[in-house]
Amino acid sequence: MRLLPAILLLLLGFLVGADYLLEQSRRQDRRTTGSLRSFANLSADQVRSFQVKFNATDHRYVRRDSTWRYPAYFDAFVDPGRVDQFLGSLLQSAATVVATNRARQAHFGLQPEAAIGVVLQGPADTVLFEALIGRGAPGQGASEAYVKKADDDTLLHLHANPRLALGSGNPPMLDRRVLPTALRRKPLRRIAFVNASGPRQLRRIETAPPGLPLPGRMPTGPTYAWLATFAAGEDTCLNASAFAYASFLSRLRYEELHGPHTAKAFESSSARLELTYEDDVVDVLEVGGRSDKGHIYLRHQTSGQILTISAAKADLLFPTRSALLDSLPQPSPYQQAEPFGPAPF
């Protein structure tokens, strides 16, 4: 009977100690799951290439000088805004711990077969960072997502969603503009039409210099006029019509890229557009023959890329006299062929 109080005292001490340890563990879990942390301790400048496993395919992107390219598809240009959004989401966004249990990966879409795999690489393809991107938080299309580092069981709620930058294209994030955004061209000031019917050139001139600001008002910019040269002489264009055409060229998107073997499509054609920008940089677009799909070949001399555009878009490359001098219907043929707004992905 004398041992019973001692045993009860030891048992009480054990229970008190166990409760204390459990409470400390709970507090630590609350501190861990409630704290913000950086997901990746890297800057975008350190990343020279990266791989994304998306739509059951490994996609690799490589930075050359200041442009991102997709080598597997004839070295296609990548949309710089999309890449900045994707890397920025991973490298600049804070994250909150939501779980430290591998068994909960499926709930957050972080099991390897469901997640998007990412590998960021530096010079000489050295691996800088590996991660998995799960489902959106709270759901698909949300602005945040669940993520985890490849070598860590900690599951995080990232306060950004890299999936949104990928879009629905396959391959994702390509810049399908005939004149790639990454080349950062200034506004056009002259377009020459070589070996083609219609106008010989279209040029923009300044008709009034920038105006001085009036009290309480913003300064006004310069005003311009567009002049078109024809065989019979030069005429002043309707500004809105000339701008609609020039804007169409900057928005123009291709259907497909093609390899060097398609260069023969330009052997029987010498028509081309010579585009001169405000800084005197020149792009040349050569117009070739028709592909098996009925599309028209173009070659962008600056990048060397060969691509095809639809026949309907190709018909608008060389404007008629009336398309430049008269009012266009609304919406214009240029807007119908290549609508304003973000590029489809």
Among (1) among the basic types (Lys, Arg); (2) in a strand (DSSP E or B); (3) under 30 Å from ALA231 (Cβ atoms), the one test that ARG185 misses:
(2)
So, in region 238-255, how many residues would count as being within 28 Å of LEU183 (Cα to Cα) and over 23 Å from the mean Cα position of the chain (by Cα)?
7
Residue count, region 91-133, condition aromatic (Phe, Trp, Tyr) and assigned to a helix (DSSP H, G or I), comes to 1
When you go through GLY88, GLY136 one by one, which is the residue that is assigned to a strand (DSSP E or B), out of contact with any His (no Cβ under 9 Å at 6 or more places or on another chain), modelled with pLDDT of 90 or more and open to solvent by less than 20 Å² (accessible area, probe 1.4 Å)?
GLY136
Checked against (1) in contact with a Ser or Thr (Cβ under 6 Å, 6 or more places away or on another chain); (2) over 25 Å from HIS300 (Cα atoms); (3) open to solvent by 40 Å² or more (accessible area, probe 1.4 Å), ALA208 satisfies every condition except (3)
Region 118-133, subset more than 20 Å from the chain's Cα centre (by Cα) and of a type in the set (Val, Ile, Thr), residue least open to solvent (accessible area, probe 1.4 Å):
THR126
Just wondering, is there one or more residues in region 256-264 that are in contact with a strand residue (DSSP E or B) (Cβ under 8 Å, 6 or more places away or on another chain), open to solvent by less than 40 Å² (accessible area, probe 1.4 Å) and closer than 19 Å to PRO199 by Cβ?
no
Which residues, taken from region 314-334, are outside any loop (DSSP other than H, G, I, E, B) and more than 19 Å from GLN201 (Cα to Cα)?
PRO333
Within region 268-278, is there a residue that is in contact (Cβ under 8 Å) with a residue 24 or more places away in the chain, touching a helix residue (DSSP H, G or I) at 6+ places or on another chain (Cβ under 9 Å) and buried (at least 16 other Cβ atoms within 10 Å of the Cβ)?
yes
Residue match in region 287-304 (condition: open to solvent by less than 70 Å² (accessible area, probe 1.4 Å), under 28 Å from the mean Cα position of the chain (by Cα) and closer than 15 Å to PHE248 by Cα)
no
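The values are calculated or read from the model by the stated rules, or taken from the named source; none is laboratory data. Just so it is clear, the model here is predicted, and its values are computed rather than measured. Quick reminder, even Gly has a Cβ in these numbers, built from the backbone with ideal geometry, and neighbours come from all protein chains shown. Please note that ligands, DNA and RNA were not included when accessible areas were found on the heavy atoms of the full protein model with its side chains. Shrake-Rupley method; radii C 1.70, N 1.55, O 1.52, S 1.80 Å.
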